[in-house]
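So the structure is just underneath, and the comments pick up after that.
Each value in this text was obtained by applying a stated rule to the coordinates, not by laboratory testing. Worth saying up front: this structure is predicted, and the values here are computed from it rather than measured. FYI the Cβ positions are ideal-geometry reconstructions off the backbone, even for glycines, and counts take in every protein chain you see.
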Amino acid sequence: MIDKTVDTPAEAVSSIVEGSVVMIGGFGEAGSPIELIHALIDQGTRNLTAINNNTGNGEVGLAALIGNGQVSKMICSYPRSSHSKLFPELYRAGKIELELVPQGTLAERIRAGGAGIPAFYTPAAVGTSLAEGKEKREFDGREYLLEHWLKADFALVKCETSDRMGNLTYNKTARNFGPLMCMAARTTIVQARVIVEPGEIDPEHVVTPCVFVDRIVEVSEPLHESRLIAEGRRYP
Amino acid sequence: MKGVAGMATGWSREQMATRAAQDIPDGSYVNLGIGIPEMVAQFVPRGRVFVYHTENGLLGMGPAPSAGAEDPELINAGKAPVTTVPGASFFHHADSFAMIRGGHIDVCVLGAMQVSARGDLANWSTGAADAIPAVGGAMDLVAGVDSIFVITTHVTKTGEPKIVEECSYPLTGRGVVSRIFTDLAVVDVTPRGLEVLELAPGVSFEEVCENTGAPLRRLDR
């Protein structure tokens with residue numbers, strides 16, 4: 001039987017090396033793989049390009065990874081957050097690069113990366129400052145922008161249930177970018193609240209098929225960003 | 001509205017949301033922006049049902065949960081806790097924005113910093129040098145949804161018109177706004193220019209013109 005499980009978050013992220021492009025799932029705290037991110041902070045890997053919708057909250061999870069100086073470039077749609085000054089301070093000091101991407105374009109670029117589609121045309125951002133330098137083309141009398149795929153060396157994703165082979169289900173709006181990032185990374189690392197045996201997830205209910213997943217670690221009681229922030233916690 | 005000489009009346013935030021809700025057809029799939037647009041859900045006309053889409057991956061969004069029932073993994077695009085209604089579904093971001101770009105969402109209600117006479121919308125950045133640029137899904141929404149409604153105060157806190165000839169702030173989209181609901185009037189963006197469909201009680205057409213940075217036509221109803 002194929003068994004992709006590993007014992008600890010530290011083991012799960014151990015192959016991430018300096019300079020890697022890392023997709024990190026989550027929209028705000030929903031779906032944020034916080035234990036995997038904290039393991040990456042413990043590991044201290046630097047000069048990362050991080051891809052996430054946001055830039056984290058408070059001084060835990062993604063915000064802490066950024067605050068720890070491990071991220072040199074951020075690709076995201078909304079780098080403004082409540083309870084966090086870590087990204088703005090580094091950005092204003094010129095210590096972190098930002099590629100701002102409209103949210104739907106970000107999602108589709110990741111999907112394209114996973115689907116082997118190098119580029120596509122979208123109407124989003126036509127006529128705005130984010131269209132500068134981008135190839136334009138008209139279809140049926142309307143203008144579109146050429147956007148390129150996004151791929152990554154690693155994806156860190158949180159799911160609800162995984163079987164040992166890596167078939168995944170998600171929890172509510174924590175699904176967000178998870179299924180797309182699983183497809184777009186060369187190595188996909190998943191933290192699951194529950195790991196079950198193959199066959200225990202109805203094949204009709206699998207959201208991410210196991211071919212997109214490489215490593216799984218069980219985190220049965222994941223931390224919640226908002227609770228940590230309310231308690232004034234920071235990582236490390 | 002307050003702070004503008006000669007203007008004692010006009011629509012409140014709740015009344016602006018109520019007025020916008022009246023123009024959304026029964027059975028519409030609706031995406032509501034943060035702020036006053038969110039209030040539209042509280043003022044759905046009797047007998048109508050709207051299905052709410054939130055771009056982080058939920059169709060069939062319900063109201064906020066009661067205190068203590070919040071789920072950090074069930075949130076809206078503003079990252080606030082929400083609930084689901086019967087018939088709801090969850091999906092990933094690419095499907096969510098396919099609903100938007102693919103023309104499947106009927107109406108989107110947004111806030112604005114400025115709207116131009118041709119329906120250009122600026123609502124994501126002041127363009128200030130020290131601002132952290134953050135666009136989220138606004139550019140995808142205005143490019144993909146047919147009916148873009150804007151709810152906004154008619155003027156800024158310092159009394160500057162928000163409806164202008166040309167936007168000075170960075171654009172979210174060009175020629176995308178269909179209708180504007182302010183505290184003073186309902187204004188349509190048409191190929192003939194801006195047309196005032198309705199005035200708030202106690203507000204004159206002249207007062208609306210004085211507080212608008214672009215020419216207005218009054219429709220005789």
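Quote the charge dipole size of chain A about the Cα centre in Debye, to the nearest 20; the model charges only the Cβ of Lys and Arg (+1) and of Asp and Glu (-1). Please report the intermediate quantities before stating the final value.
Values: 24 positive and 30 negative charges, 151 e Å.
Roughly 720 debye for chain A.
Just to check I understand the Karplus step: with θ = phi - 60° and J = 6.51 cos²θ - 1.76 cosθ + 1.60, what whole-Hz values come out for region A:221-235, glycine and proline as x?
10, x, 5, 10, 3, 5, 5, 4, 5, 4, 8, x, 7, 9, 10
Would any residue of region A:30-70 have its amide N under 19 Å from a label point 7 Å out along Cα→Cβ of A:R92? List them or say none.
A:55-59, A:63-64, A:66-69
Along each of the three principal axes of the Cα atoms of the protein assembly as shown, give the extent in whole Å, ordering the values from largest to smallest.
Here the Cα extents, ordered largest to smallest, are 75, 50, 49 Å.
Convert each backbone phi in region A:167-174 into a coupling constant with the Karplus relation 6.51 cos²θ - 1.76 cosθ + 1.60 (shift: θ = phi - 60°), then list the ³J(HN,Hα) values in order as whole Hz, x for Gly and Pro.
Residue by residue, region A:167-174 yields 7, 10, 10, 10, 10, 6, 7, 6 Hz.
I need the semi-axes of the equivalent ellipsoid of region A:86-187: take the C-alpha gyration tensor, multiply each eigenvalue by 5, square-root it, list largest first in whole angstrom. All intermediate terms of the calculation are to be shown ahead of the outcome.
Numbers: eigenvalues 160, 85, 30 Å².
In descending order the semi-axes read 28, 21, 12 Å.
Could you work out how far the C-alpha centroid of region B:29-73 sits from that of region B:84-154, in angstrom?
Here the answer is 15 Å between Cα centres.
Among all the lysines, which ones have a C-alpha under 18 Å from B:K157's C-alpha, if same-chain residues fewer than 8 places away are not counted?
Filter leaves B:K2.
How would B:E210, B:E55, B:E73 line up from fewest to most surrounding beta-carbon atoms within 10 angstrom?
Numbers: B:E210 14, B:E55 25, B:E73 22.
Placing the least packed residue first, the sequence is B:E210, B:E73, B:E55.
Where a Cα-Cα gap under 16 Å defines reach, which lysines qualify for A:K95, not counting those fewer than 8 residues away within the same chain?
The reachable lysines, counting only those whose Cα sits under 16 Å from A:K95, are A:K73, A:K85.
In 5 Å bins starting at zero, report the fraction of Cα pairs in chain B per bin as a rounded %.
Result returned by the calculation: 1, 7, 15, 18, 19, 16, 12, 8, 4, 1, 0.
If we count other beta carbons within 10 Å of each Cβ, what is the order of B:W11, A:W149, fewest first? Before the final figure, lay out each step's value.
Details: B:W11 25, A:W149 18.
With the fewest neighbours first, B:W11, A:W149 line up as A:W149, B:W11.
Determine which aspartates and glutamates satisfy two conditions relative to A:K172: a Cα distance under 18 Å, and not lying fewer than 8 residues away in the same chain.
In chain and number order, the partners are A:E29, A:E160, A:D202, A:E204, A:E221, A:E225, B:E55, B:E70, B:D71, B:E73, B:D95.
For B:Q114, list long-range residues whose amide hydrogen, built 1.01 Å from N in the peptide plane, is under 5 Å from its own amide hydrogen.
For B:Q114, whose amide H was placed from the backbone, the distant partners under 5 Å are B:A122.
Using the number of other C-beta atoms within 10 angstrom as an exposure proxy, rank B:H53, A:H38, A:H205, B:H104 with the fewest first. All intermediate terms of the calculation are to be shown ahead of the outcome.
Working: B:H53 26, A:H38 20, A:H205 9, B:H104 13.
Ranking B:H53, A:H38, A:H205, B:H104 by Cβ neighbours within 10 Å, fewest first, gives A:H205, B:H104, A:H38, B:H53.
With r defined as the distance between the Cβ atoms of B:T84 and B:A131 and R0 fixed at 35 Å, what FRET efficiency is calculated, to the nearest 0.05?
Values: r = 35 Å, r/R0 = 1.00.
The computed FRET efficiency comes out at 0.50.
Counting only residues 5 or more places away or on other chains, whose amide H sits under 5 Å from the amide H of A:T187 once H atoms are built in the peptide plane?
Amide H neighbours of A:T187, under 5 Å, 5+ apart: A:F154, A:A155.
Given H placed 1.01 Å from N in the peptide plane, which residues other than close sequence neighbours of A:G26 have an amide H under 5 Å from its amide H?
Under 5 Å from the amide H of A:G26 lie the amide H atoms of A:F177, A:G178, each far enough along the sequence or on another chain.
Let me make sure I get this right: for chain A, a, b and c are the square roots of the gyration tensor eigenvalues over alpha carbons, sorted descending. Under 1.5 in a/c it's rounded, otherwise prolate if a/b > b/c, else oblate. Which is it?
On the way: a/c = 1.89, a/b = 1.20, b/c = 1.58.
Here chain A falls in the oblate category.
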